[in-house]
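Before any comments, here is the structure.
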Amino acid sequence: MEMPYDLPLMKRGAEIEVLIDRLDRKGRGTGSVDGRTMAVRGGLPGQVVRVRVTRRRRLEGYVLEVVTRSPHEVDARCPHSGSCGGCAFQQLAYPVQLTALREQVGNAFAAAGLEVVVPEVIGCDPPFGYRNKMDFTFGATRWVEVGEPEGVERDFALGMHVSGRFDRVLDIQSCALHFDEADGLLTSAREVARAHGLPPWDVLRHTGLLRHLVLRKGFGTGEIMVDLVTSEDAGPSVDRWAEAMLERHPEVTTLVQNVNTRPASVAFGERERVIHGPGVITERIGDLAFNISANSFFQTNSRQAAVLFSLVSELAAPTGDEVVWDLYCGTGALSLAAARTAREVWGFELVDAAVADARGNAALNDLSNVHFIAGDVLASLGEGVSLDAPPPDLAIVDPPRAGLHPKVLSGLLRLAPPRIVYVSCNIHASAPQIATLVAEGGYDVECVRPVDMFPHTPHVECVVALRR
Ligand SMILES: C[S@@+](CC[C@H](N)C(=O)[O-])C[C@H]1O[C@@H](n2cnc3c(N)ncnc32)[C@H](O)[C@@H]1O
């Protein structure tokens, strides 16, 4: 295809046209420009787009205008799609997203030198309204979208970061991904904060009170948690805000405050205060119940969590003779799923609140053969460390996005469990580690099962079964 640009002019800020032919691992469209690959933020496969060049060495840019629509394009449901950093490609037909995710998984294994069969990605039905947890940011610098009225307030926002901007917050009115009640809670949280004159956190000056609003729902129980993250205690102000919120939203079953005095913009408090209700919500997945507190990890897509847990149960399928270790166990979801058939299960988790939830969840589900070890997996798997836990016949590992710490990988190789089930939310980090387990540990990849836990984003969950 002839492209109407002149290569010497292709510098930062230049405009060119690009035919997008696929998605890269970050969810950006990519196309070929004079034999070089260009990554285009907002570009979808099948589109011809006019692009502003932002990097010329490693060619990158963003879409200024869609010149020709893609046959795979659909209308986005969300009014903020395009500006919001939450979704990457809501305008891409869902079956095409699943195909692209499968390709990403295949590419990651191929890049790691492993030949594996990657089946179709198990899709989420429906791929909207699936998130049981949303973390919204308060900001003192609002991003004003094209088409918003003149004179719109710019010094208060509650929503998501604008794609690629840590200092600009988009004032989200509604989101197509989160649970039904979240839009109303978001609107009230903003209105009540404004009415009470509570200042948003200014990420550049480190001033202001309101930092994050975290909303959580148990899809299986209907219970709802509101977690307000603030920069200081400010008890009376927060209490007034909470009272007004609860008056408007009797559906909220618990409301907590987390205080984060540190500069890092995380919705994780150094201290927590329960203002209303039990401080936890209960989620029900299949025949298991989980109590989840504000700072504990739980899979964010309850519908697909049911699929994931049964996949892990099916592939792990521990026998009554087997000892299972669940590394990075969070609130104990996979530990409990395995405990129903295993001899005993040992879960390892860093976050104290999650360990407390996990222990409570074992009791809640009448499982007495599960034990949890609090602390860094790295310390537990260190050379020469002696643990109460008997050596594992099967290790389930479900690390954060960065994958296993290299020393945890070495520890796993030293432990050499006969079977490993690796649950990965970032196959690009995990595939090289799986290749190491194959090359140095003598494991075979028995099967790979990708599951879409995060529709409209480039992230894909993979369950990989390994045996020596
Ligand atoms: C992807 S989640 C997995 C949770 C669990 N398997 C589930 O499905 O609900 C990763 C968990 O690892 C924990 N974690 C992160 N770094 C850790 C570390 N160094 N040692 C132990 N746990 C860690 C996080 O707190 C989080 O609960």
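The values are calculated or read from the model by the stated rules, or taken from the named source; none is laboratory data. Note that the coordinates shown come from a computational prediction; the quantities given were computed from them, not determined experimentally. When we count neighbours, we look across all protein chains shown, and the Cβ atoms used for this are built from the backbone with ideal geometry, even at glycine. The area values use the complete protein model at the heavy-atom level, side chains included, leaving out ligands, DNA and RNA. Shrake-Rupley method; radii C 1.70, N 1.55, O 1.52, S 1.80 Å.
Observations on the structure shown:
- Cut-off under 5 Å, modelled amide H: who pairs with Val345 long-range: Val324, Val370, His371
- Amide proton proximity set for Gly220, modelled H, under 5 Å, gap of 5+: Arg284
- Per-residue ³J(HN,Hα) for region 195-203, Karplus 6.51 cos²θ - 1.76 cosθ + 1.60, θ = phi - 60°, Hz, x for Gly and Pro: 4, 8, x, 7, x, x, 5, 9, 5
- The accessible area of Lys407, taken with all protein chains in place and a 1.4 Å probe, comes to roughly 140 Å².
- Count Lys and Arg as plus one, Asp and Glu as minus one, and take only other residues whose Cβ is under 13 Å from that of Val252; the net charge is then -3.
- Over the chain, volume per residue of the alpha carbon convex hull, in Å³: 158 Å³
- In plain terms, the chain from Thr187 to Gln173 could stretch by 4.4 nm, reckoned as 0.36 nm per residue minus the Cα-Cα distance.
- The listed residues Ile373, Ile172 rank as Ile373, Ile172 when sorted by accessible area, largest first, using a 1.4 Å probe.
- For Arg102, solvent-accessible area (1.4 Å; no DNA, RNA or ligand), Å²: 90 Å²
- J(HN,Hα) series, region 221-234, from Karplus relation 6.51 cos²θ - 1.76 cosθ + 1.60, nearest Hz, glycine and proline x: 10, x, 6, 10, 10, 10, 10, 9, 9, 10, 8, 8, 5, 6
- Sites Ala379 and Arg69, calculated FRET efficiency, Cβ-Cβ separation with R0 41 Å, nearest 0.05: 0.15
- Spatial offset of region 395-433 relative to region 142-220 amounts to 36 Å, using the alpha carbon center of each.
- Accessible surface ranking that places the most exposed of Asp321, Asp21 first, with a 1.4 angstrom probe: Asp321, Asp21
- Evaluated with a Cβ-only charge set (Lys, Arg +1; Asp, Glu -1), the chain carries a dipole of roughly 1220 debye about its Cα centre, given to the nearest 20.
- Between Ala195 and Thr141, the modelled label-to-label distance comes to 3.1 nm, taking each label 7 Å out from Cα in the direction of the beta carbon.
- Paramagnetic label reach from Phe166 (point 7 Å along Cα→Cβ; backbone nitrogen cut-off under 13 Å): within region 201-245, residues 203-206.
- Heavy-atom accessible surface of region 1-146: percent carbon and sulfur, 1.4 Å: 48 percent
- P(r) histogram, all alpha-carbon pairs of region 301-467 included - 5 Å bins from 0, percent: 2, 9, 19, 23, 23, 16, 7, 2, 0
- Percent RCO, i.e. relative contact order, over the chain, from Cα pairs under 8 Å lying at least 6 residues apart: 11 percent
- Accessible surface, per residue, of region 245-399 when the full set of protein chains is kept, probe 1.4 Å, Å²: 40 Å²
- Estimated distance in nm for a label pair at Asp352 and Glu115, the labels positioned 7 Å out from Cα along Cα-to-Cβ: 5.2 nm
- Surface composition of region 301-467: carbon and sulfur atoms hold 53% of the protein heavy-atom accessible area at a 1.4 Å probe.
- Potential lengthening between Leu387 and Glu446 on full extension [0.36 nm per residue; Cα-Cα distance subtracted]: 18.3 nm
- Summary of packing: across the peptides 29-36, 431-438, 384-391, the per-residue average of other C-beta atoms within 10 Å ranks them, highest first, as 431-438, 29-36, 384-391.
- Estimated from the Cβ-Cβ distance and a Förster radius of 60 angstrom, the FRET efficiency linking Ala93 and Ala264 is about 0.95.
- For Ile396, the residues whose modelled amide H falls within less than 5 Å of its own, excluding neighbours fewer than 5 places apart on the same chain, are Trp325, Asp326, Leu327, Val421.
- Only protein heavy atoms count here; under a 1.4 Å probe, Trp346 has an accessible surface of about 30 Å².
- Alpha-carbon Rg/Rh ratio, for region 133-284, with Rh computed the Kirkwood way: 0.95
- Computed with a 1.4 Å probe over protein heavy atoms only, the accessible surface of region 7-68 comes to 55 Å² per residue.
- Per-residue ³J(HN,Hα) for region 372-378, Karplus 6.51 cos²θ - 1.76 cosθ + 1.60, θ = phi - 60°, Hz, x for Gly and Pro: 10, 10, 7, x, 6, 4, 4
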